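The structure appears right after this line, and notes come after that.
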Amino acid sequence: MIAKNRVLAAAATLAAVTTAAACSSSSAGSTGGTRASAPQTAKAASPTTQAAPAPNALSVTAHDSASAMSFDVSGSPRQGLVRITFTNAGKYAHEMGISMMKPGVTLAHLKTVVLGKNGDQKAQALLQNPDAEYPVPSILGPGRSEVDAAKLPAGHYVVICFLPGADGMPHVAMGMIDEFTVTAGRSTEQPPQTQGTVELSDKGITVPAGFGAGGTFEVKNTGSKPHDFSLAQLAGKTLPDLFQCVEGAFGKGTPIDKCPGTLAGGVNTLQPGESAYLTMTLPAGKYGYLSTEGDGADLQAGLVGTFSV
Ligand SMILES: [Cu+2]
């Protein structure tokens, strides 16, 4: 519900900022992407065991067909750094929007409310902090996957997709709603080894050479405001063209999948000083990136650009 609003806000602004993307282009060279992409696990916790601890993992896979859509969710990680794998196994773009439910709220109840009249508004009362944002993976086009190691607090979460379907019905109404729990125990997941840092400042985004060709990159907010890092693969049109189309699709309640480009993941909202660790291999092509935060303020400030893989 929140992600949808942010996409709309960003699309509206980006459509107006037609020259911004050209201002901060960077060309990412290839470093081969041959390094191990799996995040490094912690040193053995005890001298008596050689085995590395199991990853503190959460897996969310999106599935779709003409008549039904769903998430396949597995894992019950501990609070702290969580290795989140988001895979889109479907034919349409999907988001993994998450919110923490208030204690005692069941998924069945929340689902009934969300699908009812004015469900978007009424559901807010069932959420622990409706305005909270989490640095989970961004919207992914079909066939794409990413791993995002990010901090999540303990709680009972709903995972939901509000993207519009072919019949104008949001994916949630076709079954795209599920749940998971982050327990209060301590995560043993350590920050993975990285090949570079994507820096989100208040004035721009720096994407290092080699990003997207494989391996793990830290995505760090070095600014004083929340920022995010949203990616799209371009298809013959500019990033503003793509988001103008996405905006139009949301407005009409039609799928974003026919727009000239493919949303390619990234990391949702990072608070000042916060980091996440993004592991992804992007198909070769031209990409655009932007921060959708601040109702368009980040775009106006120059947090947008392009790179190639
Ligand atoms: Cu969806």
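The values are calculated or read from the model by the stated rules, or taken from the named source; none is laboratory data. Small disclaimer: the values here were computed from a predicted structure and weren't measured. Heads up, the Cβs are rebuilt from the backbone with ideal geometry, glycines too, and the neighbour counts pull from every protein chain shown.
Condition test on G215, is it farther than 23 Å from G294 by Cα and assigned to a strand (DSSP E or B)? Spelling it out, G215 is indeed farther than 23 Å from G294 by Cα and assigned to a strand (DSSP E or B). Regarding the range 126-146, can at least one residue be identified that is among the charged types (D, E, K, R), within 18 Å of M69 (Cβ to Cβ) and touching a residue at least 40 places away in the same chain (Cβ under 8 Å)? Yes. Of all the residues in the range 142-163, those that are surrounded by fewer than 23 Cβ atoms within 10 Å (Cβ to Cβ), more than 15 Å from L58 (Cβ to Cβ) and within 12 Å of the ligand (Cβ to nearest atom) number 2.
With respect to (1) crowded, with 18+ Cβ neighbours inside 10 Å; (2) free of Cβ contacts under 8 Å to residues at least 60 places away in the same chain; (3) over 18 Å from S138 (Cβ atoms), the lone exception for E199 is condition (3). Can you confirm whether the range 262-282 contains a residue that is free of Cβ contacts under 8 Å to residues at least 60 places away in the same chain and crowded, with 24+ Cβ neighbours inside 10 Å? Within the range 262-282, none of the residues are free of Cβ contacts under 8 Å to residues at least 60 places away in the same chain and crowded, with 24+ Cβ neighbours inside 10 Å.
Number of residues in the range 230-282 that are modelled with pLDDT of 95 or more and farther than 29 Å from K220 by Cβ: the value is 0. The set of residues from the range 164-193 being assigned to a strand (DSSP E or B) and within 13 Å of the ligand (Cβ to nearest atom) comprises P164, P170, I177, D178. Out of curiosity, is K225 outside any strand (DSSP E or B), closer than 22 Å to L81 by Cα and of a type outside the set (S, T, Y)? When the stated conditions are applied, K225 passes them.
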